[in-house]
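Below: one structure, written as structure tokens.
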Amino acid sequence: MALLEIRNLHIYYGMIHALKGIDLHVEKGEIVTLIGGNGAGKTTTLRAISGLLRPPDSSSIRLQGEELTRIRPHQIVERGVIHVPEGRRVFARMSVEENLAMGAYARKDRSRYREDLEFVFHLFPRLQERRHQLAGTLSGGEQQMLAMGRALMGDPKVLLMDEPSMGLAPVLVEAIFDAIEQLNRARGLTILLVEQNAAMALQIAHRGYVLETGRIVLTGSAAELRVNPRVREAYLGG
């Protein structure tokens, strides 16, 4: 049984049929990436998993066999599915450390809170240097680190990441992707990654799905997708 399993996922925005019956799964310890153009349905997929969008009853989203589509978003967080949204969305008027504490509000096991805080500071030393600084005064890259750190403080089973490289300088993109790899290797964290930078995503992922206009049109190992002519032409610059 896959850790996260999606079957026949449909999502509608009014009359717009955004997701048209997609199937995907993520095994424990995998990095799986969703790639596709703007409007393909990548962010919509993550929002549906998080409970922010409600699919019809014919759709199924299961975590370790438990159906998620019938419970509320905060209950999905409590079960360990934690979403790092596009655009960071930190609490601008709270300090770095207060933001990280907010990430832990729903976790049941608080005995490792201090250990996890130290891990986040080890992963992102800049956050430790700025732990008392207001989040709104951080650079874009630092805010992305904070958004990731806040999610980690929730002790996730599955981390959903939406466009972590968006708007960042190349050197910071490298740092963010290095951190994602480290989380997967060092902690075995399961990650579902949505990323416009398909080349970077396919470098660190184990498997991938290609979404086009709400449908999955290709799937395979990251290595297979990197050499697929259709993927190369559309997403990797030939």
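Each value in this text was obtained by applying a stated rule to the coordinates, not by laboratory testing. The model shown is predicted, which means the values in this text are computed figures rather than measured ones. Reconstructed Cβ throughout: ideal geometry from the backbone, glycine too, with neighbour counts over all protein chains shown.
Values as computed for the structure displayed
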item: Scaled radius of gyration (Cα, divided by 2.2 N^0.38 Å) that the range 115-181 gives; result: 1.05
item: Computed Rg/Rh of the range 1-116, alpha carbon atoms with Kirkwood Rh; result: 0.99
item: Principal axis box of the range 117-237, alpha-carbon based, largest edge first, Å; result: 48, 27, 24
item: Debye equation applied to the C-alpha atoms of the range 142-201, log10 I(q)/I(0) at 0.16, 0.20, 0.25, 0.29 Å⁻¹; result: -0.46, -0.74, -1.18, -1.53
item: The range 85-155 - Rg over Rh from alpha carbon coordinates, Kirkwood radius; result: 0.93
item: Cα-based helix-to-principal-axis angle, 140-152 vs the chain, degrees rounded to 10; result: 90 degrees
item: Reach of K20 by Cα under 17 Å, taken over lysines that are not fewer than 8 positions away in the same chain; result: K42
item: Cα-based Kirkwood hydrodynamic radius, the range 174-238, one decimal, Å; result: 12.5 Å
item: Inter-probe distance in nm under a simple model that places probes 7 Å from Cα toward Cβ, at R230 and H132; result: 5.6 nm
item: Cα gyration tensor category, rounded, prolate or oblate, for the range 11-68 with a/c compared to 1.5; result: oblate
item: Over the chain - Rg/Rh using Cα atoms and the Kirkwood inverse-distance radius; result: 0.96
